[in-house]
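Here's the structure, in structure tokens; my notes come after.
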Amino acid sequence: QDTLIVWSEAENYDLALSFQEKAGCDEIWEKICQVQGKDPSVEVTQDLIESEEEHIEEMPETSPLIDLPTCELNKLEEIADLVTSVLSSPIRREKLALALENEGYIKKLLQLFQVCENLENTEGLHHLYEIIRGILFLNKATLFEVMFSDECIMDVVGCLEYDPSLAQPKRHREFLTKTAKFKEVIPITDSELRQKIHQTYRVQYIQDIILPTPSVFEENFLSTLTSFIFFNKVEIVSMLQVSGFHCSFQWITVNHTHFHLHSGMDDLQVRSAATDIFSYLVEFSPSMVREFVMQEAQQSDDDILLINVVIEQMICDTDPELGGAVQLMGLLRTLIDPENMLATANKTEKSEFLNFFYNHCMHVLTAPLLANTAQEKGEKDAVVGSTKSNTICPDNYQTAQLLALILELLTFCVEHHTYHIKNYIMNKDLLRRVLVLMNSKHTFLALCALRFMRRIIGLKDEFYNRYITKGNLFEPVINALLDNGTRYNLLNSAVIELFEFIRVEDIKSLIAHIVENFYNALESIEYVQTFKGLKTKYEQEKDRQTQKLNSVPSILRSNRFRRDARALEEDEEMWFNEDEEEEGEAVVPPVEKSKQEDDFPDSYEKFMETKKAKESEDKENLPKRTSAGGFKFTFSHSASAANGANGANSKSVAAQTSPVSSNGSSSKSTALAPAVTAPKGSLVGLVDYPDDEDDDEEEETSPRKRPRLGS
């Protein structure tokens, strides 16, 4: 099968060999056929036991069913072998399921279980474990209805206690009947509703706790079980609504109260119960939850909003593995996912909710990230390739895990939110702060930071590209690559993949920035051709621009038909100020600094050992070259530097020049317009330059001086 070789061993084992390339697959296939004396040109050499999936729908109703052995103690081994043997054949699974359903076989088996347990017949109990597990893997809803009925479910759980691989049986029934207690958050008098809640809990317990993780060949066997649980939950919520509970605002209010009253306290059971309720509500109707929190925002302060309380619980999770935080992060992700947001003629839920989230909640989510990437006072410049860090970088494992979760959510925002997250990143200079985490000793956190940048670059958005080049934001990535040395690990591969993507997609503005600023540091890396390829792309583009320039008549070359840098910056400002929508999403005005950012709740301080996030705007530190040719840089969280400046400021900053490097050259080294290296007489495309009046302020000896089009 192209790059696969598949075969069956006995009746219940399907195996496969997978190859990266078809040529390798064909070579091994020929060797196998040579040993077996088969013709390698024939795709199927193994005799099929019987026709499979394509004939299931054509199976006539009168097709003979599987003959089941009599339900007796001495037949349990035979029954177990039969149930196990049919799992590899869809047709035989269907036939066995029909036979079990028609003959009421499951209840007879459960009666034998009680006999075996009374007789302490361990061998029989082990066979019954295999039988019941196999029946579950038949994936038939009609059988589940019988097995999970009040009459049968505890005996089913009992059979699953006797796993032959365990020295002692588990005590699942004891837990379900004695330890697990049903607590009514609101009074429930409907007996059918109570029964459905009990059944759902027990079936969920069977799926999550009792059954082992299915193998790659069994992963689809329990899909119907998952659907059974889901539809039970939907039915429960529907019954609550019919009963007059109106599961919307009452339940959310109860959930909010639990979160708010117990935040910072050690009542883990109440907190866990509140999380479960919130989870069910989000799963059932995320739009309902979103509507509630937007109404809540009109009456409450930001720090007690439901979503902010949820974020606070996520940040303050005391579990070393952050189990609760992971669950809450998944719920937040569902709430901010545009794919499940509604759009009607009168309103757009996506636009309204994302406006709310970015104005009232995003600063709470990013607070730990900003606090752990704040700059130290009295910092000194760092040189490219240096392992020294000027920032507070989290070395605590639990904090690193938390930041990884936050970055995962922010990466999701980059992928699914357009204007809102772009505006937030540029106003807060967020990518610069994220890239501080490239210095972390926890590789998984550095990879999360890199993945965030990779998603941004993957959008191939020139606004993002200009933000990255103006802020010199490739520097910490290249530092991490150089610090990694010759170690061939995931970090090395991920960084190289980032640059390879830029090369393959031919993102010209980024290629020019990388080659002009970092090629000297990267040209020694020869175990991949990525960086030489970037240089080749760069030179090819220069040649194309030169040829294009030479093909223009001289009378036209004397005219200035290029766009002014300040005009482009004004375009960017206009873009942020325009009141337009794209894909139903409104442009978000720059997020104002709110008091919550300066007055972060005490619970965060207890969780994080670092200082609060400082929001004061520092002046951008410009990248410089040392006399030895090394790059020096400082991290800054200046939003103004990231977004550009007004015309006057642009002119004054553009006039600054960097110190002459060791080869006698100098460059404009500014956070607003990175240096562009080009030989005299050549035209560098896709680059914006200041007015001619600024050129007069450059050093006449500089080989990086922009050539005039007429020269």
Which of V270, V495 is most accessible, then next, and so on - probe 1.4 Å: V270, V495
Quick check on segment 271-327: take the gyration tensor over C-alpha atoms, sort the square-rooted eigenvalues as a ≥ b ≥ c, and tell me if it's rounded (a/c under 1.5), prolate or oblate. oblate
Solvent exposure of segment 460-547 as accessible area per residue, Å², 1.4 Å probe: 42 Å²
Keeping all protein chains in position, work out how much accessible area V185 exposes to a 1.4 Å probe, and write it in Å² to the nearest 10. 80 Å²
What is the distance in Å between the Cα centroid of segment 159-174 and that of segment 432-503? 49 Å
Quick one: of K460/K532; K95/K170; K441/K535; K107/K196, which pairs are farther than 26 Å apart, Cα to Cα? K95/K170; K441/K535
For segment 160-214, run through the trypsin sites (Lys or Arg not before Pro) and keep only the ones in DSSP coil with at most 16 other Cβ atoms within 10 Å of their Cβ. K170, R171, K181, K183
With a cap of 15 neighbouring Cβ atoms within 10 Å, and only residues DSSP puts in a loop, list the GluC sites (Glu not before Pro) found in segment 447-537. E505, E523, E526
Length-normalised contact order for segment 460-547 - Cα pairs under 8 Å, 6+ apart - percent: 27 percent
Would you kindly find the accessible area of L370, with a 1.4 Å probe and non-protein molecules such as ligands, DNA and RNA excluded, rounding to the nearest 10 Å²? 10 Å²
Counting only protein heavy atoms, what percent of the accessible surface of segment 460-547 is carbon or sulfur at a 1.4 Å probe? 50 percent
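What net charge do the residues around V495 carry, taking every other residue with its C-beta under 14 Å from that of V495, with Lys and Arg at +1 and Asp and Glu at -1?
0
The values are calculated or read from the model by the stated rules, or taken from the named source; none is laboratory data. These numbers come from a predicted model, not from an experiment. So basically every Cβ, Gly included, is an ideal-geometry build from the backbone, and we count neighbours across all protein chains shown. All accessible areas refer to the heavy atoms of the entire protein, side chains included, with ligands and DNA or RNA removed. Shrake-Rupley method; radii C 1.70, N 1.55, O 1.52, S 1.80 Å.
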